[in-house]
Amino acid sequence: MEKQHNRGQDGAGIATVKLNTEPGVPFMHRLRSSAPQAIGDIFAKVREEIDEIEKYQPEITKYPGLMKGHIRFLGELLMGHLRYATQGKNNVELCHPFVRHNTIPARNLALAGNFNLVNVDELFKFVNVTPGETHRNSDLAAMLEVIHHFLSQEDEEKRNGLDIKNILQKAFSMFDGGYHVCGLMGSGDAFVMRDAHGIRPSYYYINDEVIVAASERAAIRTAFNVGENEVLELMPGNALIVKENGEYSIEQILQPKERRACSFERIYFSRGNDEKIYKERTALGYNLSETVLKSIDNDLRNTIFSFIPNTAEIAFYGMLKGLEDYLNKIKVERIVSWGKDFDEEKLTEMVNRRIRIDKIAIKDVKMRTFITADTGRNEMVQHVYDITYGTVRPGVDTLVVIDDSIVRGTTLRESIIRMLDRLGPKRIIVVSSAPQIRYPDCYGIDMSKIGDFVAFKAAIELLKDHGKEHILQEAYGLCMELQRTNTLHAQNVVRNIYKPFTTEEISAKIAEIITPSNIGAKVDVIYQSIDGLHQACPNNLGDWYFTGNFPTPGGNRVVNKAFMNYMEGKNERGY
């Protein structure tokens, strides 16, 4: 769990199932925490149980079978989850795993995952469940109820063991979204399931002693000290099913569809120590180096390069490699052009030329402004970063800083640009290793309010500048008509808002938006191209938040609904 800590800072949870217990003995247990150090809090409580029993039976740890009867979370089936509260809610009741209890052992179910569904309302209606306020918008709660419905149905019809594949086929055919999800059943059976488009990542490792699955390859490799090729990818539409006796199988549950693995996982969300992700983030930075060089007229003498925040460090190294390749080429050309007209001093000066890099910004506190509650974000971001003084020649140097992505632009406007301007640079260029985020993501990252996106704000401003505000009303009218005819999923109407403008025009307007008043430096923004993204991440071509090409019809419905919310002044999610 600690090796996937990047996937959750707001809460954690664990669940355990004990096999072969006597009737009446509790066999499924769960513990959740939303404490600031949730993982530590959970395992401290587990440790307390062990310490307590050791007071009376000091030798008990030598007898695992005996411990199993006394320690709640000592069992054969183990589940852990880390919560990344993209809605800004830090509520222990929303921490995974969710559990559905039943007096019949086989109908008990614990569920956790990395996912988003876009048809939650329909799922609750199908099982005739009216959720409470806390779980009304919870896709996990909806998924739990649907799987439990078919689990109970299966248990009712087949008394000689559950057909897990049949349960999963019925349940998961109803889910519209991206997911990597794990379930533990009171029968002792377990499963891991991945969506048909492969939107969310899913990996597993099996040896003679354990069967383990996780949403990141690197976490499994580190925890079990195994090679890359030993950790396998669970393919789209497939499930890893494990029976109570330890037998397992990989089963095709859903017909695989066009692979649309989420590229944002590679850019930002997943841990960067996976060798493939490291190479891809390096390539993202490298692909930007030529554009950056053009923007500074190849003036490397008067340009300093850095990165903000730390998640952009790998892309920074890639960009640096591209700049170094250019500089080395220039060195060779210059030296060759001299012929024999050089001395040791001249040659040494040329050979020793370097790209100027500095640690310009320091993050003082670990605050994730990207998903912080809206009410406190603007005040928070002013205090997140501080600068390294003495690194810039005032009025002479250009600062180039790379970020992994620019979603709202709030941190840039309220904190980073102001902070960098204190150093007195002539120009500040903000580089994004990701393309412009234009549309909601409803399959995992949960960026759902389109009015928050700085690219959308830029498009709106450009429509006003060019007297084309009628496009907004036309798009809204079309959305209303699609909603009336129950075809809101049929097309992505919001594309019409971006259509009149080039990527460069939108980038220029974004630069204006993120530039605070009373700033001395000129601010520019450079974004990754879609082609550059796909070249760097060839196996993760899911790009709907950049292009609007949603993998399921539910995505079109979400983006149109998010736009309607914006036009109607509703500050709520699009699904």
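The values are calculated or read from the model by the stated rules, or taken from the named source; none is laboratory data. Keep in mind it's a predicted model, so treat the numbers as computed, not measured. With ideal geometry, Cβ positions are generated from the backbone for all residues, glycine too; neighbour counts draw on all protein chains shown. We work out accessible area using only protein heavy atoms, side chains counted, and drop any ligands, DNA or RNA first. Shrake-Rupley method; radii C 1.70, N 1.55, O 1.52, S 1.80 Å.
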May I ask you to compute the full-extension gain from residue 222 to residue 61, defined as 0.36 nm times their residue separation minus their alpha-carbon distance, rounded to one decimal in nm? 55.4 nm
For region 479-568, with only Lys/Arg (+1) and Asp/Glu (-1) charged at the beta-carbon, what is the dipole magnitude about the Cα centre, in debye rounded to 20? 300
On full extension of the chain, what length is gained from residue 499 through residue 313, given 0.36 nm per residue of separation minus the C-alpha to C-alpha distance? 63.7 nm
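Counting only protein heavy atoms, what percent of the accessible surface of the chain is carbon or sulfur at a 1.4 Å probe? Write down the numbers at each step before the final one.
Values: 12700 of 25980 Å².
Percent of accessible area from carbon and sulfur atoms in the chain: 49.
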At R0 = 56 Å the Cβ-Cβ FRET efficiency linking residue 245 and residue 513, nearest 0.05, sits at 0.40
Considering only C-alpha atoms, what is the centroid distance from region 266-337 to region 117-176, in Å? 47
Counting sequence-distant residues (5 or more places) and residues on other chains, those with an amide H built under 5 Å from that of residue 527 are 432
Which of 18/125; 125/561; 331/359; 279/499; 294/331 have a Cα-Cα distance over 23 Å? 18/125; 331/359; 279/499
Helical mean residue ellipticity (222 nm; -39500 (n - 2.57) per DSSP H run of 4+; nearest 500) of the chain: -10500 deg cm²/dmol
Could you tell me the center-to-center distance, by alpha carbons, between region 204-241 and region 55-108 in angstrom? 21
For region 210-279, with every protein chain kept in place, what is the accessible area per residue (1.4 Å probe, Å²)? 48
Plugging the Cβ-Cβ distance of residue 357 and residue 235 into 1/(1 + (r/R0)^6) at R0 = 45 Å yields, to the nearest 0.05, a FRET efficiency of 0.65
Step through the residues of region 422-431 one at a time and calculate ³J(HN,Hα) from phi using the Karplus curve (6.51 cos²θ - 1.76 cosθ + 1.60, θ = phi - 60°), rounding each to whole Hz and writing x for Gly and Pro. 4, 6, x, x, 5, 8, 10, 10, 9, 10
Select from 479, 546, 69 the residue farthest towards the positive end of the dipole of the chain; place +1 on Cβ of Lys and Arg, -1 on Cβ of Asp and Glu, and compute about the Cα centre. 479
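What number, in percent, do you get for the relative contact order of region 465-538 if the mean sequence gap of Cα pairs under 8 Å and at least 6 apart is divided by its residue count?
On the way: 24 pairs, mean separation 16.2, N = 74.
Here the relative contact order equals 22 percent.
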Correct choice for Cα Rg over 2.2 N^0.38 Å that was computed from the model, options (1) 1.02; (2) 1.14; (3) 1.08: (3)
In the chain, if the dipole is taken from +1 on Lys/Arg beta carbons and -1 on Asp/Glu beta carbons about the Cα centre, which of 112, 135, 245 is farthest to the positive end? 135
Along the charge dipole of the chain, pointing to its positive end and built from +1/-1 on Cβ of Lys, Arg, Asp and Glu, which listed residue (99, 5, 308) has its Cα farthest out? 308
Assign unit charges at the C-beta atoms only (+1 for Lys and Arg, -1 for Asp and Glu), then state the dipole size of the chain relative to its Cα centre in Debye, rounded to the nearest 20. 780
Mean accessible surface per residue for region 464-511, computed with a 1.4 Å probe while every protein chain stays in place, in Å²: 57
In debye to the nearest 20, the charge dipole size for region 382-435, taken about the Cα centre with +1 at each Lys and Arg Cβ and -1 at each Asp and Glu Cβ, equals 200
Taking θ = phi - 60°, what integer Hz values does the Karplus form 6.51 cos²θ - 1.76 cosθ + 1.60 yield along region 496-502, in sequence order, with x for Gly and Pro? 4, 6, 8, 3, x, 10, 7
Looking only at aspartates and glutamates whose Cα falls under 13 Å of residue 321's and that sit 8 or more positions away or on another chain, we get 290, 313
